[in-house]
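Everything on this sheet refers to the single structure shown next.
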Amino acid sequence: MQRTRLSTLFDTASNQLNRWLFNPWRRISILVISLLGGNFFGVAIAAVAGQAAQQDIILAAILMVINELISRLIYGRSWRRPGQDRNEPISIPLFYESLNAFKIGTMYALAAEAFKLGS
């Protein structure tokens with residue numbers, strides 16, 4: 001591929017972002033934000049679906065399918081590199097970890113809403 005100013009700009013920006021996210025505290029803060037964003041999304045979905053009360057079952061089925069697809073994406077593959085020792089820690093990309101945290105937050109919110117409605 002040809003080196004243009006735009007490709008150089010994107011390469012530089014992505015390298016700086018990767019170095020910035022390499023810090024463990026920043027990585028954890030992004031994961032916590034994803035978890036809380038998923039919690040907010042789950043509460044909002046439950047409130048909207050509960051208000052309409054027409055497509056609860058369809059929405060639950062759609063959310064369950066999305067949940068299972070994300071779980072299959074995260075847990076269905078091996079994140080070890082070829083030749084990596086079993087005792088070495090596994091490095092999952094930040095996007096996949098934050099997507100998993102978002103999913104966990106959403107499922108937690110939906111479970112909490114179900115407990116609130118049951119009592």
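The table below lists the values:
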{"quantity": "Selection status of Ala101, within 30 Å of Lys116 (Cβ to Cβ), among the small types (Gly, Ala, Ser), at pLDDT below 85 and part of a helix (DSSP H, G or I)", "calculated": "no"}
{"quantity": "Failed item, numbered, when Gly42 is tested on (1) touching a Ser or Thr at 6+ places or on another chain (Cβ under 6 Å); (2) under 25 Å from Ser14 (Cβ atoms)", "calculated": "(2)"}
{"quantity": "Complete set of residues in the range 97-115 that are more than 20 Å from Leu31 (Cβ to Cβ), surrounded by 10 or more Cβ atoms within 10 Å (Cβ to Cβ) and free of Cβ contacts under 8 Å to residues at least 60 places away in the same chain", "calculated": "Ala114"}
{"quantity": "Exclusive hit being over 19 Å from Tyr108 (Cα atoms), touching a residue at least 24 places away in the same chain (Cβ under 8 Å) and aliphatic (A, V, I, L, M), set Leu36, Leu94", "calculated": "Leu94"}
{"quantity": "Single residue of Ser71, Ser78 found to be free of Cβ contacts under 8 Å to residues at least 40 places away in the same chain, under 19 Å from the mean Cα position of the chain (by Cα) and assigned to a loop (DSSP other than H, G, I, E, B)", "calculated": "Ser78"}
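Residues are listed down the side, and each one gets a yes or a no for (1) part of a helix (DSSP H, G or I); (2) modelled with pLDDT of 85 or more; (3) loosely packed, with under 11 Cβ neighbours inside 10 Å:
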| site | (1), (2), (3) |
| --- | --- |
| Gln2 | no, no, yes |
| Leu6 | yes, yes, yes |
| Ser14 | yes, yes, yes |
| Ser29 | yes, yes, no |
| Leu35 | yes, yes, no |
| Gln54 | no, no, yes |
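The values are calculated or read from the model by the stated rules, or taken from the named source; none is laboratory data. Predicted, not measured: the structure shown is a model, and the values here were computed from it. For neighbour counting, all protein chains shown are included, and Cβ atoms are generated from backbone atoms with ideal geometry for every residue, glycine included.
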